[in-house]
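The values are calculated or read from the model by the stated rules, or taken from the named source; none is laboratory data. All values derive from a computational prediction rather than experimental measurement. Note that we place each Cβ from the backbone using ideal geometry, even for glycine, and neighbour counts take in every protein chain shown.
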Amino acid sequence: MNVRVSVCASMLGMAVCMGAAVAPARAQIQEKQQHVVTLDELNKQAARPAETRQANEDAIRHLLSSDAGQKALKSGDVEYQRVDKAIGQLSDEELAKLADRSRQAESDFAAGLISAKTLAYIILATVVIVVIIVIV
């Protein structure tokens, strides 16, 4: 019976040692899993620049396709298709700046802070900037 007790005690001792060795490893694994970025988060982060760029392009195109924009393009004898194509060639930074200006101009016009004539000048300036940036 002493042999059985000693074998059981040895087994119990080994089990306790194994448990003590595994516990820190589990804690490290759990800690690492808490800091891992999920695939969905990575996909969202990867898509964000493209979504931002598309929104900026849309803002400029919206301004140029408005009635005031079309009139300004006609008065400058500029084809919308050429400007539209040039918009796609702008860098992200240039596009963001022009989109901000476009949004601000539309907002000011809607609030009555600027006249249709001023809006037309802003649109023509935007077109000139787009064309110059793409050519240079």
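Some points to look at:
- Residues (in contact with a Leu (Cβ under 9 Å, 6 or more places away or on another chain) and without any contact (Cβ under 8 Å) to a residue 24 or more places away in the chain) located in the range 47-96: GLN70, GLU79, TYR80, ASP84
- Residue within the range 20-39 that is at pLDDT 90 or above and either in the same structural domain as ALA125 (by TED's automatic domain parsing) or within 27 Å of the chain's Cα centre (by Cα) (or both) present: no
- The residue that is nearest to the chain's Cα centre (by Cα), among those in the range 67-117 that are basic (Lys, Arg) and surrounded by 13 or more Cβ atoms within 10 Å (Cβ to Cβ), is LYS97.
- Restricted to the range 57-112, the set of helices (runs of 4 or more DSSP H) holding at least 3 residues that are modelled with pLDDT under 90 and not hydrophobic (A, V, I, L, M, F, W, C) comprises 67-75, 80-87.
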